[in-house]
């Protein structure tokens, strides 16, 4: 059975609080000189919270920012323009729980000849109980894991994220960042008896699945980095935990729990703008040129759970993920990596 690190969201929230007091080794490495003029950036789930703050900062630093969201179009984009002082911002509709939306979004980027320099896979959900998508997948598994597999694969295959395999690699390597959580540490190995199956759950198990799916995703992106970057770095693929963030991710929790957590978040967690800083550092800094599979916990380099790095686990997860994708999606395009 798949197991995560925490089954109590209050305990998980309080655990994150202590991370705020750790010394941030690389905090001074991000400066106002880290500009990305002319570079194109994609941020999923950018209409609110951490994604919104990331979009603002990338636009402020000269990036052309594409906000991929399923809500608040166009008002969130207009707000990013106002706050950042940049008009180089656009919004595109993307619902990561629906395969048709994913394909339409990726095909739109390809049709418009977009080439992404920075791709930040930020969107995620935390659900109090299982919810089935139209493809038969559980929504948290779909949004927090499988959709990130599909989006990254389609964009790499199409060359929207430039790479040697698609034949359009730029002078500077593109970067993909996956927004994870250090709560993945201690989660179980991938349970392939449950993988891709709809299994009902409640609040406690939902909390476990949240951290467990982060471990699954970290394992996939480690394997993707291994495949793309054999010999030399083609695409920098990195994972980051931004630390405890005061966001609205618990909006679907039961009323009492939601209000308890919102109180904790507002008092002891960091603002999205503050939490966005290490993400932006990993996305734009020259410190990471020629590097891949780095993991930051806020501004601290750290190792992910040891299971993430096991080669056999990575290969098996890759194969099972592609098999699952093909089984539910007639438009599946498996990358030859």
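The values are calculated or read from the model by the stated rules, or taken from the named source; none is laboratory data. Because the structure is a prediction, the values reported are computed rather than measured. Cβ: placed from backbone, ideal geometry, glycine included. Neighbour counts: every protein chain shown.
Worth pointing out:
- Test: residue in the range 309-329 that is more than 25 Å from residue 188 (Cα to Cα), surrounded by fewer than 20 Cβ atoms within 10 Å (Cβ to Cβ), in contact with a helix residue (DSSP H, G or I) (Cβ under 6 Å, 6 or more places away or on another chain) and modelled with pLDDT of 95 or more: yes
- Residue in the range 37-59 that is surrounded by the most Cβ atoms within 10 Å (Cβ to Cβ), counting only those that are in contact with a strand residue (DSSP E or B) (Cβ under 7 Å, 6 or more places away or on another chain) and either without any contact (Cβ under 8 Å) to a residue 60 or more places away in the chain or assigned to a loop (DSSP other than H, G, I, E, B) (or both): 55
- Filter result for residue 133 (buried (at least 17 other Cβ atoms within 10 Å of the Cβ) and under 16 Å from residue 221 (Cβ atoms)): no
- Residue in the range 93-104 that is touching a strand residue (DSSP E or B) at 6+ places or on another chain (Cβ under 9 Å), over 24 Å from residue 139 (Cα atoms) and modelled with pLDDT of 95 or more present: no
- Listed by position, the helices (runs of 4 or more DSSP H) inside the range 196-307 whose residues that are at pLDDT 95 or above and farther than 18 Å from residue 181 by Cα number at least 2 are 203-228.
- Within the range 111-130, the set of residues being more than 25 Å from residue 223 (Cα to Cα) and at pLDDT 95 or above comprises 111, 112, 113, 114.
- Residue match in the range 70-84 (condition: buried (at least 22 other Cβ atoms within 10 Å of the Cβ), under 17 Å from residue 124 (Cα atoms) and within 20 Å of the chain's Cα centre (by Cα)): no
- Top-ranked residue in the range 174-225 [being over 19 Å from the mean Cα position of the chain (by Cα) and more than 18 Å from residue 137 (Cβ to Cβ); ranked as surrounded by the fewest Cβ atoms within 10 Å (Cβ to Cβ)]: 202
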